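Derivation of every value follows stated rules applied to the coordinates shown; laboratory data play no part. Because the structure is predicted, anything quoted here is derived from the model rather than measured. Heads up, the Cβs are rebuilt from the backbone with ideal geometry, glycines too, and the neighbour counts pull from every protein chain shown.
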């Protein structure tokens, strides 16, 4: 009888789960849950500001030359708000007249990812809240939104928004497609986005007068590559 009891007890220890094992499993589960919760809160709820992109001197010169092509007068790293070049004035300080011509005008505009993010940092703190990523046919954006201190639960916290827009040139016109928007890593349902997800906005809204029609008619080509966006304008 004693032998049978010992065998039964041994069988229970061998086939079942002992109390130390149960405690160990519970402990590991709690640690994993706490670790996951900490990562989620740190990444999406208690998000830190982005570090603004700082260009080198040579990169600044290249960016400034591109801005001048677009009509911005650049001096001292401030775009669009600087004093015109002294060469544009005569000896009396009067602006010199200039004959208009489009001969040799550059119609292609190209910016890389660093240049776009550096532009956000000029005379604004937007670069600490918005960052742009360029990949093949996709423009992605991360946005940090500080919540009002009186907002329930999340008051005073910073939420992270992510969005993706597919951009290309298809069938003789630009294509702009919203791929999605997420809050704190959770994708927003298409119904909440007005049903605009995965729809070509140019095709959908470019049939009548308005921004998308004008945009489409003025663009000859648009390409988004890894780290760069190129736009060619029509005459």
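Listing 108, 166, 115 from fewest to most neighbouring C-beta atoms within 10 Å gives 108, 166, 115.
Over what distance in Å are the Cα centres of segment 171-196 and segment 206-232 separated? When both Cα centres are located, 18 Å separates them.
Our summary gives segment 104-218 a relative contact order of 14 percent, counting only alpha carbon pairs under 8 angstrom and 6 or more residues apart. Computed from the C-alpha gyration tensor, the three semi-axes of the ellipsoid equivalent to segment 87-181 are 39, 25, 11 Å, from longest to shortest. Taken over segment 96-148, the convex hull of the Cα atoms encloses 169 Å³ per residue. Taking the square roots of 5 times each eigenvalue of the Cα gyration tensor of segment 181-226, largest first, gives ellipsoid semi-axes of 26, 16, 7 Å.
Put a dot 7 Å past the Cα of residue 100, heading toward its Cβ, do the same for residue 221, and the two dots end up 2.7 nm apart. One chain, two ends: residue 89 and residue 133. Fully extended at 0.36 nm per residue, the span grows by 11.8 nm beyond their Cα-Cα distance.
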